[in-house]
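Below: the structure, in structure tokens.
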Amino acid sequence: MKPNTIRLISAVLVLVLASLACGTSSTPVPATSVPNVPPAPTVSNEAVNQWAATATASSEFGVSGWIATQATGAPDVPECGDNAGAWAASSTDTVEWLQLGYTTPVYATEVVIYITYNPDYVTAVELIEPNGSTHTVYTGHPTPMDCPDKVTVSFPKTTYLVSGVIITIDQTTLNDWSEIDAVQLTGTLR
Ligand SMILES: [Ca+2]
């Protein structure tokens, strides 16, 4: 082989190798993953548990302790007994009501009443729609129970939104206070 031919072949080989090397490094890597796209906002159908945000009552025993708003928020009475962290009426032998408001209206399925002194004198539980309409979901007679007690009132999911609860207690046969520490509302957003 002539030297010129050898040089020509060598030059071609160098060019081919160089182009292969360049091609390898510059070839775009095909996309193998889909970019993260945030899911469209959806209304969850999971249960929402809420503690009361507001509370009023037919009467209140104290000026800071035992007032209606002591039944807002999560339970904070550590053990059964007469405790200022719960709501108590002004008298011990009356029929009284406690009305609670919740931040997020839900299609309700359950109300749980935390009673930390003299349960269970609950005689009615009503649900309140945002427009003020009320629906009775529980009625009963005063039935003394061990203290403390959670009175759970479950019912088929409402067809209307619920933003409040009214609890009626009957202390006429008790002649002592029946105190409510907290009230949880459970439901779904749709
Ligand atoms: Ca409380």
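None of the figures in this text is laboratory data; all of them are computed from the coordinates on show. Note that the structure is predicted; figures quoted are calculated from it, not measured. As a convention, Cβ positions derive from the backbone with ideal geometry for all residues, glycine included, and neighbour counts pool all protein chains shown.
Charging the Cβ of each Asp and Glu at -1 and of each Lys and Arg at +1, and nothing else, the dipole of the stretch 48-188 about its Cα centre rounds to 540 debye.
Between SER59 and ALA84, the simple label model (points 7 Å from Cα in the Cβ direction) yields a spacing of 2.1 nm. Entry note, the stretch 48-188: relative contact order of 36 percent, from Cα contacts under 8 Å with a spacing of 6+ residues. When only Cα pairs below 8 angstrom with a gap of at least 6 residues are kept, the stretch 80-160 shows a relative contact order of 36 percent.
As an exercise, use a Förster radius of 22 Å and the Cβ-Cβ distance of ALA47 and GLU129 to find the FRET efficiency, rounded to the nearest 0.05. Walk me through the intermediate numbers first.
On the way: r = 19 Å, r/R0 = 0.88.
Efficiency computed from Cβ-Cβ geometry: 0.70.
Could you list the GluC sites (Glu not before Pro) in the stretch 53-120 that lie in coil according to DSSP, counting only those with at most 14 other Cβ atoms within 10 Å of their Cβ? Intermediate results must be reported in sequence, preceding the final value.
Values: sites: GLU60, GLU79, GLU96, GLU110; in loops: GLU60, GLU79.
Filter output for the stretch 53-120: GLU79.
Gain on full extension, evaluated as 0.36 nm per residue between ARG190 and THR143 minus their Cα-Cα distance, stands at 13.4 nm.
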